[in-house]
Structure formats: structure tokens, C-alpha cells
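The values are calculated or read from the model by the stated rules, or taken from the named source; none is laboratory data. Remember, predicted model here, so these are calculated numbers, not experimental data. Neighbour counts run over all protein chains shown; Cβ positions are idealised from the backbone, glycine included. Surface areas here come from the heavy atoms of the whole protein model, side chains and all, with no ligands, DNA or RNA. Shrake-Rupley method; radii C 1.70, N 1.55, O 1.52, S 1.80 Å.
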Amino acid sequence: MVAFGLAIGALLAVAGILTYLLAPRIGPNPLFGVRVGYSFANREVWERTNRVGGLLLALAGVLCAIVGLFLPMLNLPAADERRGFAIALVVLLLAFSGGMFLYARRLAQRTPIARTLPSVRFRWAYLAPVVLTFLVLAALAVYVYPSLPVDRVAEHFNLGGQPDGYASRDAFIAQFLGIGALLTLLYCAFVVVATHEPLIALARWGSSWRLEPEQGLIYAGLTFALVNVILIAVLWDVAVFNT
């Protein structure tokens, strides 16, 4: 766990430093940097958001490494250590994302584009890919649940494909449903905000290429749905191994 925690922490720290140094120089783009829609309002908002975002992401990496060092001192079972680290990582990343969202929003609301973008009309098509894939995930969880071992579900595997971490059936299923539900709720909130503040769904590359908010919502929905599809594939694979 120590090595894993340090590795994840170092990865986040390096990503934060690169964001701080490179994203302001590269400018608005759809691939690299803090790319919440508000950060695309103009070049100044982009630069300030990515400077602060890079620092916060590096800080999240340091805190993540500290958690990885601290958890083994509690003498918890290996499965509980991994679960505690995963929870801490999710909390840190959500705090980072929320902080960046609010900071970029505050900067962007002062720009002309925030006042001139037309409102986005709500469409169920925005939610359909995410909601449907989550329902498939939930249905699969209900289907495999009775066949899983009650107290010893292999949930973590080493590089050789052998199980080295176990959880109860309830905890194992709850992890997948919890992650899927969280992503679905976050995207639903994203769509609701976008109908009032369309700038959240805007994307831009320099001054010539621009993804309008309606298109941005579709793109974001497909991205969230893809994560649900990955969860479905992993749940099925692990369930087959255990049964």
C-alpha cells in the first residue's frame, strides 16, 4: 500500500506541476489542462484557472502520498487499507474538482461570453446514455449478486492475475453501484446547471475551434456513459472469476 500510495501521489503531483507549467502556455484545448467549461471563457480565465488548478492537483498528490504512508500504521486488513485509500483518493479528487469548478466559474461570470451565450434547452437525450448504462450496471449487479460468495469475493488481483484482496459480497457490489450512482448524479447535476449557465459545457481550442454547449453536453454524456460501460465490463469479469 505504501508503494502504491506514493506512486499515485507522485503521479498526481507531476500532473499538477505539468498543468501549472504547460497548460497556460498551450492555451485552451480539448485535451490537456483544467477543462471545465468555465475555463474556456477567455485566455486570462484559462491561464489563472490552470495555474491554481495545477497547484491544487499537486497538493492533492502530496496528501494522497501521506494517506498511503499513514494507513499501514493503523494495522488494518489489506482489503480495508485499499478501500480506505480509494475513499481518500475519491474525496481528494472531488474536492479538487469542486474547487476548480467554483474558482473558474467565479472568474468566467465576469466575462462577456457568460452574458451572451444563449440558454440550453433541456433534452432527455443528454441524460439517456448515462442513465441507461447505469441501469444496465444495476441490473447486472442484481443478476450476479446471488451467485457470489457471501464473505469472500476476490476483488483485487496481482500482475499475474491471481487474487490478493477480498471483500464481502455486499461491499463488493456496493463499490460498483456507488461509483456508478455518483457519476450519474454528477452528470445529472452538470446538465441541470448547463440549462442555466451554458458556459459550463463550452469547449474551445484557441480562437478558431469551439464546441457549443449543446454539443459539449452530448460529448460529456458519452464520456460518463463510457465509464459506466467500463464498470459493467469489470463487474462481469470479476463476477465470472468468482463464480
Point to revise | Contour excess over end-to-end distance, with Cα ends at F241 and W205 and 0.36 nm allotted per residue | key: 8.5 nm
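Ranked by accessible surface with a 1.4 Å probe, highest first, in what order do V192, V34 come? Display every interim value, and only then the final one.
Values: V192 80, V34 15 Å².
Ranked from most to least accessible, the order is V192, V34.
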Practice item. Rounded to whole Hz and in sequence order, give me ³J(HN,Hα) for the stretch 227-242 from the Karplus expression 6.51 cos²θ - 1.76 cosθ + 1.60, θ = phi - 60°, writing x for Gly and Pro. Key: 4, 4, 4, 5, 4, 4, 5, 5, 4, 4, 5, 5, 5, 4, 4, 6
Review point. In sequence order, what are the phi-derived ³J(HN,Hα) couplings for the stretch 106-114 according to the Karplus relation 6.51 cos²θ - 1.76 cosθ + 1.60 with θ = phi - 60°, rounded to whole Hz, with x for glycine and proline?
Key: 4, 5, 5, 5, 8, 9, x, 5, 5
**Study point:** Label-point separation in nm, R110 to V229, each point 7 Å along Cα→Cβ
**Key:** 4.2
Check your understanding: Taking H as built 1.01 Å from N, whose amide H comes closer than 5 Å to the amide H of R210, not counting residues under 5 places away?
Key -> W205
Revision key, fill the gap. Reported to the nearest 10 Å², F241 has, with a 1.4 Å probe, an accessible area equal to 110
Practice item. Calculate the spin-label point distance for S119 paired with H156, positioning each point 7 Å from the Cα along the beta-carbon direction, and give it in nanometres. Key: 4.9
Exercise for review: For H156, tell me the accessible area in Å² from a 1.4 Å probe, rounded to the nearest 10.
Suggested key: 70
Practice item. Enumerate the amide H contacts of D164 below 5 Å, restricted to partners 5 or more residues apart or on another chain; note that Pro and chain-start residues carry no placed amide H. Key: H156, F157, N158
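Just to make sure I understand: if all protein chains stay in place, what is the order of S97, S208 by accessible area at 1.4 Å, largest first?
Details: S97 60, S208 115 Å².
My answer, sorted largest first, is S208, S97.
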Check your understanding: Which of the trypsin sites (Lys or Arg not before Pro) found in the stretch 79-141 are loop residues per DSSP with 14 or fewer other Cβ atoms within 10 Å of their Cβ?
Key -> R110, R121, R123
Check your understanding: Measuring from a point 7 Å past the Cα of L69 along Cα-to-C-beta, which residues in the stretch 1-37 have an amide N at less than 18 Å?
Key -> 1-14
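Under a 1.4 Å probe, what is the accessible area of the chain per residue, stated in Å²? If you can, show how the numbers build up before the last one.
Values: 13190 Å² over 243 residues.
Accessible surface, normalised per residue, equals 54 Å².
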Practice item. Kindly provide log₁₀ I(q)/I(0) values, in the same order as q = 0.12, 0.16 Å⁻¹, from the Debye equation applied to equal alpha-carbon scatterers of the stretch 128-243. Key: -0.54, -0.77
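I'd like the FRET efficiency for N29 and L94, computed as 1/(1 + (r/R0)^6) with the beta carbon distance as r and R0 of 22 Å, rounded to 0.05. All intermediate terms of the calculation are to be shown ahead of the outcome.
Working: r = 24 Å, r/R0 = 1.10.
After rounding, the FRET efficiency stands at 0.35.
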**Study point:** Length-normalised contact order for the stretch 112-217 - Cα pairs under 8 Å, 6+ apart - percent
**Key:** 31
Review point. Taking only Cα atoms, what is the 0 to 90° angle, nearest 10, from helix 2-26's long axis to the longest principal axis of the chain?
Key: 10
Review point. Nearest 10 degrees, 0 to 90: what angle lies between the long axis of helix 169-196 and the longest principal axis of the chain (Cα atoms)?
Key: 10
